[in-house]
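As structure tokens, the structure follows; a few thoughts come after it.
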Amino acid sequence: MSAYQIAIDGPSGSGKSTLAKGVAKELGIMYLDTGAMYRTCGLAAIKRRISPKDPAEVKRMMGEMKLEVKFIDGVQHMILDGEDVTGQIRTPEVSVAASDISALPVVRTAMVDMQRDIARHQSFVLDGRDIASNVLPDAKYKFYVTAKASTRAERRLAELQEKGDFSQSYEEVLRDIEYRDEQDSNREFSPLVQVPEAIVIDTDLYTIEGTREFLLSHINEDA
């Protein structure tokens, strides 16, 4: 099979990143974490002490900063102004900043251009909010992964606590999930949408392994 792309969209915490990584590994192709790119932009705003909601300040920042995506031993690393910040972009503060900054057209345009360029010449799995609708509308395979907000909050809280982070309560995580849902679905530029041709996967109904097998079954049918 020639180079192809798999687009996986869905709301925050739906399990799409875990699914995308597993599918990429199973198929022996690359995985591009587009969310990490927006998180890095959010981190850049925090480091510069500017509001991620301020279009003028963010536009200036985007013109000044240098953001790179590097794959080291098959693992994606985010490089900001020459520094590997991969380990700095998973905090709650960065999550909120990423959600805010990703609503700005200047940021999305820059990130979409980078994502298209990275995925152009070889097979990739991409997950995000607008992969099928905007980044790769011609992707060979399109999926939409979803789950109830309460389920997603429970999963996110469990992930944080597994990493030793007990700083947030379930209610706080749920509020963050709901805030990001509101931002992602209602932003004017490239909102989260389910394209008609996407295969919907409700992760409330499947285990991680079951979700992966369900997705792979659709790809293998076409192989």
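Select from the range 107-135 the residues that are part of a loop (DSSP other than H, G, I, E, B) and buried (at least 23 other Cβ atoms within 10 Å of the Cβ) and list them in ascending order. Before you say what the answer is, go through the steps one by one.
Residues of the range 107-135 that are part of a loop (DSSP other than H, G, I, E, B), as a first pass: 120-123, 129-130.
Matches in the range 107-135: Arg129, Asp130.
Quick check: anything in the range 154-166 in contact with a strand residue (DSSP E or B) (Cβ under 7 Å, 6 or more places away or on another chain), surrounded by 16 or more Cβ atoms within 10 Å (Cβ to Cβ) and among the hydrophobic types (A, V, I, L, M, F, W, C)? Before the answer, list the steps.
Initial filter on the range 154-166 (in contact with a strand residue (DSSP E or B) (Cβ under 7 Å, 6 or more places away or on another chain)): none.
Within the range 154-166, not a single residue is in contact with a strand residue (DSSP E or B) (Cβ under 7 Å, 6 or more places away or on another chain), surrounded by 16 or more Cβ atoms within 10 Å (Cβ to Cβ) and among the hydrophobic types (A, V, I, L, M, F, W, C).
Can you say whether Thr18 is within 21 Å of Phe143 (Cα to Cα), among the hydroxyl-bearing types (Ser, Thr, Tyr) and surrounded by fewer than 24 Cβ atoms within 10 Å (Cβ to Cβ), as far as the supplied structure shows?
Values: within 21 Å of Phe143 (Cα to Cα): yes; among the hydroxyl-bearing types (Ser, Thr, Tyr): yes; surrounded by fewer than 24 Cβ atoms within 10 Å (Cβ to Cβ): yes.
Considered against the rule, which asks whether it is within 21 Å of Phe143 (Cα to Cα), among the hydroxyl-bearing types (Ser, Thr, Tyr) and surrounded by fewer than 24 Cβ atoms within 10 Å (Cβ to Cβ), Thr18 comes out as yes.
Might you check whether a residue that is touching a strand residue (DSSP E or B) at 6+ places or on another chain (Cβ under 8 Å) and assigned to a loop (DSSP other than H, G, I, E, B) occurs anywhere in the range 37-53?
So far as the range 37-53 goes, no, none of its residues is touching a strand residue (DSSP E or B) at 6+ places or on another chain (Cβ under 8 Å) and assigned to a loop (DSSP other than H, G, I, E, B).
Per-residue answers, yes or no, for (1) modelled with pLDDT of 95 or more; (2) over 19 Å from the mean Cα position of the chain (by Cα); (3) of a type outside the set (Asp, Glu); (4) over 20 Å from Ala119 (Cβ atoms):
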site: Phe143; (1), (2), (3), (4): yes, no, yes, no
site: Arg152; (1), (2), (3), (4): no, no, yes, yes
site: Gln161; (1), (2), (3), (4): no, yes, yes, yes
site: Gly164; (1), (2), (3), (4): no, yes, yes, yes
site: Ala198; (1), (2), (3), (4): yes, no, yes, no
site: Thr203; (1), (2), (3), (4): no, no, yes, yes
site: Thr207; (1), (2), (3), (4): no, yes, yes, yes
site: Ser217; (1), (2), (3), (4): no, yes, yes, yes
site: Asp222; (1), (2), (3), (4): no, yes, no, no
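Considering each of Lys59, Lys25 in turn, give the residue that is surrounded by fewer than 17 Cβ atoms within 10 Å (Cβ to Cβ), at negative phi, in contact (Cβ under 8 Å) with a residue 24 or more places away in the chain and of a type outside the set (A, V, I, L, M, F, W, C).
Details: Lys25 fails: in contact (Cβ under 8 Å) with a residue 24 or more places away in the chain.
Just one listed residue meets the conditions, Lys59.
Looking at Gly10 and the list (1) touching a Phe, Trp or Tyr at 6+ places or on another chain (Cβ under 7 Å); (2) surrounded by fewer than 18 Cβ atoms within 10 Å (Cβ to Cβ), which single condition is not satisfied?
The single condition Gly10 does not satisfy is (2).
Checking Asp73 against (1) modelled with pLDDT of 95 or more; (2) farther than 19 Å from Arg180 by Cα, which single condition isn't satisfied?
That leaves (1) as the condition not met.
Test Ala97 against the stated conditions and say whether it is part of a helix (DSSP H, G or I), out of contact with any Phe, Trp or Tyr (no Cβ under 7 Å at 6 or more places or on another chain) and surrounded by fewer than 15 Cβ atoms within 10 Å (Cβ to Cβ).
Details: part of a helix (DSSP H, G or I): yes; out of contact with any Phe, Trp or Tyr (no Cβ under 7 Å at 6 or more places or on another chain): yes; surrounded by fewer than 15 Cβ atoms within 10 Å (Cβ to Cβ): no.
It is false that Ala97 is part of a helix (DSSP H, G or I), out of contact with any Phe, Trp or Tyr (no Cβ under 7 Å at 6 or more places or on another chain) and surrounded by fewer than 15 Cβ atoms within 10 Å (Cβ to Cβ).
Within 25 Å of Leu160 (Cα to Cα) and either touching a helix residue (DSSP H, G or I) at 6+ places or on another chain (Cβ under 9 Å) or without any contact (Cβ under 8 Å) to a residue 24 or more places away in the chain (or both): is that true of Val75 in this structure?
Numbers: within 25 Å of Leu160 (Cα to Cα): yes; either touching a helix residue (DSSP H, G or I) at 6+ places or on another chain (Cβ under 9 Å) or without any contact (Cβ under 8 Å) to a residue 24 or more places away in the chain (or both): yes.
Spelling it out, Val75 is indeed within 25 Å of Leu160 (Cα to Cα) and either touching a helix residue (DSSP H, G or I) at 6+ places or on another chain (Cβ under 9 Å) or without any contact (Cβ under 8 Å) to a residue 24 or more places away in the chain (or both).
The values are calculated or read from the model by the stated rules, or taken from the named source; none is laboratory data. All figures in this text were calculated on a predicted structure; none of them were measured in a lab. Backbone-built Cβ (ideal geometry, glycine too); neighbour counts: all protein chains shown.
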